[in-house]
Amino acid sequence: MSIAQTIKHKTQKFKGRITERIGRTPRNRRLQREGRTDRALGSLKQAGDKAKDAFKR
């Protein structure tokens, strides 16, 4: 995949981690859930990109 896609997915994963931590401080469950979702989606997209790259070779 392109470098832009890779950066975009890593940024989404990082954003999820930050959101989850921000939600933990005041015990805001909605923010924690959003953070976990963003982190999981970023990880899945990165895994999909790796699989696509493996099949291209």
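The values are calculated or read from the model by the stated rules, or taken from the named source; none is laboratory data. Remember, it's a predicted structure, so these values are computed and weren't measured experimentally. Counting neighbours? That spans all protein chains shown, and the Cβs are built from the backbone with ideal geometry, glycine included. Protein only, heavy atoms only, side chains kept; ligands, DNA and RNA dropped before computing areas. Shrake-Rupley method; radii C 1.70, N 1.55, O 1.52, S 1.80 Å.
Odds and ends about this structure:
- Cross-chain or 6+ apart pairs with Cβ under 6 Å, the range 4-32 first and without any contact (Cβ under 8 Å) to a residue 60 or more places away in the chain, then charged (D, E, K, R) and open to solvent by 100 Å² or more (accessible area, probe 1.4 Å): Glu20/Arg36
- Selection from the range 37-56 of residues that are over 14 Å from His9 (Cα atoms) and either charged (D, E, K, R) or under 13 Å from the mean Cα position of the chain (by Cα) (or both): Lys52, Asp53, Lys56
- Selection within the range 1-33 - part of a helix (DSSP H, G or I), open to solvent by 80 Å² or more (accessible area, probe 1.4 Å) and of a type in the set (D, E, K, R): Lys8, Lys10, Lys15, Arg17, Arg21, Arg24, Arg29, Arg30, Arg33
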